[in-house]
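Each remark here refers to the structure printed beneath this line.
A short reminder: the numbers here are calculations on the coordinates, not readings from a lab. From a predicted model like this one, the values you see are computed outputs, not experimental measurements. Virtual Cβ from ideal backbone geometry, glycine too; neighbours counted across all protein chains shown.
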Amino acid sequence: MGPEPDPPEPERHDPNPFGANPFGPGPNPFGFDLAQLMEMLQSPGPVNMKVALSTAEAAATTDPETGVQQPEPPLAAADRAGFDAVVQAAQIAVAGTTGLSAALTVPARGVGRTEWAQTTLAGLEPVLAALAGALGRSQAPPAPDAAPGTMAPDALIGMMMQQFVPVLLGAWAGTMIGHLSHHALGQYDLPLPLTGDPALQFVVRNVDAFAEEWSLPADELRYALALREVVHGAQRSVPWVRDRLVRLASEYVGAYEMRMEAFGDAFGEIDPMNPGSMESLEELADPDRLLGAMRSERQAPLLAELQRFVSVLEGYTDAVAAELGAAMVASHVRIDEALRRHRLERGEAAMFVDRLLGLELDRDHYEAGGAFCRGVLERSDGAFGPLNRLWDAEAMVPTPAELEAPGLWLARIDLPED
């Protein structure tokens, strides 16, 4: 019996992903009137979560292609519980393979796009707060010849940014996550640094649409997807794994630098005394331009460390899914390939989240993590026991050299402790 053919390429539409809203047609998160803006500026906290939740709901309920917003239909009880059986089967299999018994207790449910976006925003709040701190810092020194009681234009812009950042970041975050809710199949489609106890969320409409788009058996897709999500949930049930993700992402976004000279290069000269020049602030709706003005050299080693860690998490998930999926899912090859393409072809909103949070994993990163895990398994005669030592402690994270040479990692973890 020959290998299964690749899944057929679905019909795709590629609307312009930019415009007034950088993530596509739909609600412009910066379309506030003065009264609304003044009210929002008074909201406490480094990130205006009121704005974030509002823009997330608007984006989640707006068709990305047409820009038409419609209320999301309520999810039936049967849809919420539609993953229960496959999740329970996956949890038993994953707990037995990984040795992570917490996999059996991670809750799971089907959700709508709005609920997925709301939960994801709440989990991202600490990392967004670290980003807000970087955005709110101004390095503009006072002008040496400034008259007493006056403020240099750069310093005034910095002060304005500190007031505007919570609203700006709330709008960014809400818009990004709202658009991602149209793409996400499960909670851990992206390796987002979420705080709190792990929970599995399956976006029912998206999963059903994905099965139809790729002509996949719906029940087999649900089990294959549940396998991956259960592994991710089991990983995040290990406290140090969850804490390390959040810490590394927070350090990365906290290393952005609001350098006023780069800000001026990106957005032009802004004179607080000239209202006409303030129109360039509208270009903050294009977050890529602002990120380009904020990247710093300090982020390079942080990015490498975060990418290495996430590549190992993803490689381990691929290894477990291959081990368990091939035995349980008749269409495993087709489904696995479709899910891999889904992971790598996420669209503009997901790509921006990757860049923003330091999660820029390309095919080479995924392959490096997968090769490391396969190398450990090959040297262990296919037994997961040695590879499962990854979860013993944070010190078990492979070094850059060990990622390329799994034998070095095996030798290190078997050395007697001092």
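Proximity of backbone amide H atoms, modeled 1.01 Å from N, is registered between Gly186 and Val203 at under 5 Å, excluding neighbours fewer than 5 places apart on the same chain.
Extension gain, Asp208 to Ala393: 0.36 nm times the residue separation minus the Cα-Cα distance gives 62.8 nm.
Report the calculated FRET efficiency for Val68 and Leu104 (r = Cβ-Cβ distance, R0 = 41 Å), to the nearest 0.05.
Working: r = 42 Å, r/R0 = 1.04.
Between Val68 and Leu104 the formula returns 0.45.
Inter-part distance, the range 311-376 to the range 73-109, computed on C-alpha centroids, equals 20 Å.
Were the residues from Asp362 through Ala326 laid out at 0.36 nm apart, the gain over their Cα-Cα distance would be 10.5 nm. Approximating the spin labels as points 7 Å out from Cα along Cα→Cβ, the Trp240-to-Ala304 distance works out to 2.3 nm.
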